[in-house]
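What follows is one structure encoded as structure tokens, with my remarks underneath.
The values are calculated or read from the model by the stated rules, or taken from the named source; none is laboratory data. Bear in mind the structure is a predicted one, so any value in this text is a computation, not a measurement. Methodologically, a virtual Cβ is constructed for each residue, glycine included, from the backbone with ideal geometry; neighbour enumeration extends over all protein chains shown. The accessibility values were calculated without ligands, DNA or RNA, using every heavy atom of the protein model including side chains. Shrake-Rupley method; radii C 1.70, N 1.55, O 1.52, S 1.80 Å.
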Amino acid sequence: MNDSPARADVPVLDVWCELQCPDCRSALDDLRALRARYGDRLELRLRHFPLEKHKHAFAAAQAAEEALEQGKGWEYVEAVLGRVEELDRGGEPFLVEVARELGLDAEEFDTALVDGRHILIVDADQAEGKAIGVTGTPTYVIGGERLDGGKSQEGLRERVEQITDQLLTAQG
């Protein structure tokens, strides 16, 4: 998931995430800091990796794609991650409520969750994640290096910054 069109001239940080994951919520501050530091010089892409232990994660991934389609992808992701406990309790009705709070078309959200129009995107992300060795969330991939944030966030932002700076310097 990416709010802006892909650009070949900037490094890409893939963030394998699931919206019912407390560790992903903890990573939000790092993601905000990276977005603030690099702006449009780093493409941040949310990649879906719903875990079986979280029963609403697959629906949340589909909802995030619908939010992207409606123009508020990252805003929606941050709103849901900030309220993981409510998602645990509320499930799909909570996902639709967050859409309504953000001024998105809640009826279309509900329909998207029922008709499964975004399932292929979520399935493809999850399959790609498994293929490259993602086992938990958050996991970051930048410059060919995989960084596992599911065990600890300690030092990960700094490592992402080092790699990003190296990639930007190499581009000249």
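Think of the chain as having a plus end and a minus end, set by charges on the Cβ of Lys, Arg, Asp and Glu; of L102, Q153, L87, Q153 sits farthest toward the positive end of this dipole. Placing a label point 7 Å from the Cα of R45 along the Cα-to-Cβ line, the residues of the range 107-139 whose backbone N sits under 17 Å from it are 120-134, 139. All distinct Cα pairs of the range 1-99 go into the 1/r average, and the inverse of that average, the Kirkwood radius, is 13.7 Å. About the centre of its Cα atoms, the range 39-140 shows a dipole size close to 480 debye [charges on the beta carbon of Lys, Arg (+1) and Asp, Glu (-1) only; nearest 20 debye].
In the range 118-172, the portion of solvent-accessible area held by carbon and sulfur atoms comes to 52 percent [1.4 Å probe, whole percent, DNA, RNA and ligands not counted].
Here the extension length gained between I132 and E145 equals 3.6 nm, from 0.36 nm per residue of separation less the Cα-Cα distance. For the range 110-172, taking Cα atoms only, Rg and Dmax work out to 15.7, 47 Å respectively.
Dividing the helix sum by the residues of the chain, where each DSSP H run of 4 or more adds -39500 (n - 2.57), gives a mean residue ellipticity at 222 nm of -18000 deg cm²/dmol. Charges on Cβ only, +1 for Lys and Arg, -1 for Asp and Glu, centred on the Cα centroid of the chain; of A59, A127, G143, which one is farthest towards the dipole's positive end? Result: G143. When only the Cβ of Lys, Arg, Asp and Glu is charged (+1, +1, -1, -1), the dipole of the range 123-167 relative to its Cα centre reaches about 140 debye. Annotation: per residue accessible area for the chain equals 48 Å², rounded to a whole number [probe 1.4 Å, protein chains only].
At the listed q of 0.12, 0.18 Å⁻¹, the Debye profile of the range 17-155, built from one uniform point per Cα, gives log10 I(q)/I(0) equal to -0.45, -1.03. Summing Lys and Arg as +1 and Asp and Glu as -1 over all other residues whose Cβ lies under 14 Å from the Cβ of Q162 gives a net charge of -2.
A simple charge model with +1 on the Cβ of Lys and Arg, -1 on the Cβ of Asp and Glu and nothing else charged puts the dipole of the chain at about 540 debye relative to its Cα centre. Charge tally for E92 (other residues, Cβ to Cβ under 11 Å; Lys, Arg +1; Asp, Glu -1): -1. For R45, the residues whose modelled amide H falls within less than 5 Å of its own, excluding neighbours fewer than 5 places apart on the same chain, are L13, D14, V15.
Note on the chain: antiparallel DSSP beta bridges, both residues inside, total approximately 55 percent of the bridges counted.
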